[in-house]
1. Looking at segment 40-50, which of the residues that are within 17 Å of T121 (Cα to Cα) and surrounded by fewer than 13 Cβ atoms within 10 Å (Cβ to Cβ) is modelled with the lowest pLDDT?
2. Here are R53, R37: which of them is open to solvent by 100 Å² or more (accessible area, probe 1.4 Å) and either at pLDDT below 95 or under 19 Å from E120 (Cα atoms) (or both)?
3. With the condition kept exactly as written, say whether any residue in segment 8-26 is assigned to a helix (DSSP H, G or I), modelled with pLDDT of 95 or more and either in contact with an Asp or Glu (Cβ under 9 Å, 6 or more places away or on another chain) or of a type in the set (S, T, Y) (or both).
4. Is it the case, given these coordinates, that R29 is more than 26 Å from R125 (Cβ to Cβ), loosely packed, with under 15 Cβ neighbours inside 10 Å and not hydroxyl-bearing (S, T, Y)?
5. Looking only at residues that are surrounded by fewer than 16 Cβ atoms within 10 Å (Cβ to Cβ) and of a type in the set (A, V, I, L, M, F, W, C) in segment 106-135, which one is nearest to P84 (Cα to Cα)?
Amino acid sequence: MADPGMSVAPYWELTFDADGDVDGPERDRLLAGVAARGVRDLIVFAHGWNNDRSGATLLYSHFFAPVPQLAPAARIGYVGVVWPSMRFSDEPIPDFPRSTATGPAPRPALDKDTRHALLETFPGRATVVDRLARMLDQHPREEAGLEEFGRLVRMLVEVVPPGPQGLFAADTVEI
């Protein structure tokens, strides 16, 4: 089980990588633990976008907390799903009024925290991140600039399948 500070037990975490592959040892611990503890019902909760691991775990703890009182005789197990959902440090909270104390909205730019998060989330893509940052700083207004920006974003997030198939279907050109 993953977190001794979790509000419920038994609790496990399943971590998925950017390719959608589950962490094998975590999966194996979950399957063995469910059988060993006689769990009959498993509640699985996956966080949404704009969450990091600590935020997701806190969300799970709060969400799961009332369940044991609602079903005291049930043999329930709990799973928190963790996946690579990058949190942009400068992104405003949706549907929350912007504070006037912060001043006018900044021009689009890649601040150091967001740049660092992108480099961690997309290892090996530093050249693409650098080019995106330059374009945000330069703020090109012509349509070709927007097309170039879109191409770079697609390059940043593209998942190249193993084998030669990816070479035949690529819609972008390497930088």
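1. Applying the filter and picking the extreme gives W49.
2. Among R53, R37, only R53 is open to solvent by 100 Å² or more (accessible area, probe 1.4 Å) and either at pLDDT below 95 or under 19 Å from E120 (Cα atoms) (or both).
3. For segment 8-26, residues assigned to a helix (DSSP H, G or I), modelled with pLDDT of 95 or more and either in contact with an Asp or Glu (Cβ under 9 Å, 6 or more places away or on another chain) or of a type in the set (S, T, Y) (or both): present.
4. So R29 fails the test.
5. L119
The values are calculated or read from the model by the stated rules, or taken from the named source; none is laboratory data. Because the structure is predicted, anything quoted here is derived from the model rather than measured. Counting neighbours? That spans all protein chains shown, and the Cβs are built from the backbone with ideal geometry, glycine included. These accessible areas exclude ligands, DNA and RNA; they are computed on the full protein's heavy atoms, side chains included. Shrake-Rupley method; radii C 1.70, N 1.55, O 1.52, S 1.80 Å.
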